[in-house]
Structures are given as C-alpha cells and as structure tokens.
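Here the structure is laid out as structure tokens; the discussion comes afterwards.
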Amino acid sequence: MDTTIHTDLTLWYCTVRLVYVLSSCFLPFLCFSGAWSAQALEMSVGKIPFLQAVNGSTVTLPCTYASCIGIENLYFNWQFNDNGTMQKVCESVIPSEGVVPDVTIFRERVEFVGKNHHNNVSILLLNITFEDGGQYTCFGRNPKEHHKNHSAIFNLIVVDELREVDNTLTIIIASAVGGAIALLMGFMLLKNFTLFVLTKLEEKNKECLVTSSGIDNTENGLSGSKADSKPTPKKK
C-alpha cells in the first residue's frame, strides 16, 4: 500500500477514535449541565395546563416526568394552593423507572392513577366541589441529577354547568371565507374559459386570413397560382 494512503487512513482512524472518546467522556457532563438538547428533570402537565369541570364530576390531573439520564429515588408530590398556602395532596419516592410507587395521600377523594407507567404520576379527584378548584403543582426532585428539581402548574376550574359555546360568529366568518373562495374560483374559471374562447377565435381568424390570401393569389395569377403560363420559346 502507498505510504501516503496509509498515513491518511491512520490519521482518519485516530481522529474518529478521539471524537468517540471525547463524546463518551463529556456526554454525562453535558446532560448534567443542561447544555444537552434534552433537559435534565422535567415535570409536565401537558400542552393544555387547565381544565374546566362540572361540580360533582371526577377529573384527572395529568403529570409526567422526563429525565436525561434516568431517575433514582425520584421524589414527587402534588400540592394545592389554598389561598396562598401550599397544602400537600400526595407524595412518594420512585426507586427506579417502571417501579410502581407507594403513594401517601393527604386529602380526601384523591387517588393516584399514574402507577408510574410511561413516567406517569397523575392523580384523580373524585366528586369535586367548588373548594377543589384552584392551582395544583406537580413537583419532582431527582437525586441522580444532583437533586435537580422541577415543577409544573395545572389549574382546575369548577363550574355549575358547562356553557354552550355560541358558534354563530364562527359560522358567519366561515361562510364569508367560503363564499369568497368560491367567488374567486368562479372568477378564475370564467377567466380561463374566456381566454380559451379568445384563443380559439384568434386561431380561426388566422386560418381565414391564410385561406383568403391563397384565393387572391390564384385569381391574380401570382406565383403558385393555377393560371396558365406561356411556354418559353426555343432558340433556333
């Protein structure tokens, strides 16, 4: 093998090996420092952090956790903001992922339904009352990430009955937009049809002009006509 090629391959292998070693060494550090794209510990109550429910119904307060490097003895709790005073609803410690925690409940009509399936730590409120309405906080702390903690807030609104949404304005706007689109499409179709007709008429006029020109040339005895021509006299 050529010496130059062998040297290039050696340098390439050493570079790849160095990148691999460095990434293996610094990956945990990046995860801990938060520089990695995935956050460390994150508690989430979903994309819509509120719910309007009827008095006397049963509702679920959703919460899940996520961790860059996994969990170990993850502590979590639910708290209720009672006029500025935070009251514990429930709490527990999850030894590791997939383990169903033993949850301690501090309020009546509360049930832990997450079971830690898919990192789920949601709770269920049974037969809610107006006093149950307010702000709930889902809190977590992960010792494996140097006790990194995070929380998410969910708002519960308790009402007598759910009001019917008046869709009149929405229907009017949708009808107006639909009518405008239909009118525009009709205009475009009419425009295209008109252009098509005009193009055909123009082609027909050109054919008529060509035909008329050929007839005139024939009648005037021009070149290309059918008029008899005298034979060329022969030289003696």
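On the basis of being under 34 Å from the mean Cα position of the chain (by Cα) and either touching a residue at least 60 places away in the same chain (Cβ under 8 Å) or farther than 17 Å from GLU42 by Cα (or both), does GLY114 make the cut?
No: the conditions fail for GLY114.
Only one of VAL45, VAL59, VAL121 is aliphatic (A, V, I, L, M), more than 26 Å from GLU161 (Cα to Cα), within 29 Å of the chain's Cα centre (by Cα) and modelled with pLDDT of 95 or more. Can you tell me which?
Working: VAL45 fails: more than 26 Å from GLU161 (Cα to Cα); VAL59 fails: more than 26 Å from GLU161 (Cα to Cα).
Within the list VAL45, VAL59, VAL121, the selection yields VAL121.
So, restricting to strands (runs of 3 or more DSSP E) that lie completely within the range 52-155, which ones have at least 3 residues that are open to solvent by less than 20 Å² (accessible area, probe 1.4 Å) and not charged (D, E, K, R)? Break it down stepwise before answering.
Values: elements: 59-61, 64-66, 74-82, 85-94, 110-112, 123-125, 134-142.
Fully inside the range 52-155 and qualifying: 74-82, 85-94, 134-142.
Could you grab the pairs with beta carbons closer than 6 Å, sequence gap of 6+ or different chains, first residue in the range 151-167 and more than 30 Å from LEU41 (Cα to Cα), second one modelled with pLDDT under 95 and in a strand (DSSP E or B)?
Close Cβ pairs (under 6 Å, with a partner that is modelled with pLDDT under 95 and in a strand (DSSP E or B)) do not exist here.
The values are calculated or read from the model by the stated rules, or taken from the named source; none is laboratory data. None of the values given here were measured: they were computed from a predicted structure. With ideal geometry, Cβ positions are generated from the backbone for all residues, glycine too; neighbour counts draw on all protein chains shown. The accessibility values were calculated without ligands, DNA or RNA, using every heavy atom of the protein model including side chains. Shrake-Rupley method; radii C 1.70, N 1.55, O 1.52, S 1.80 Å.
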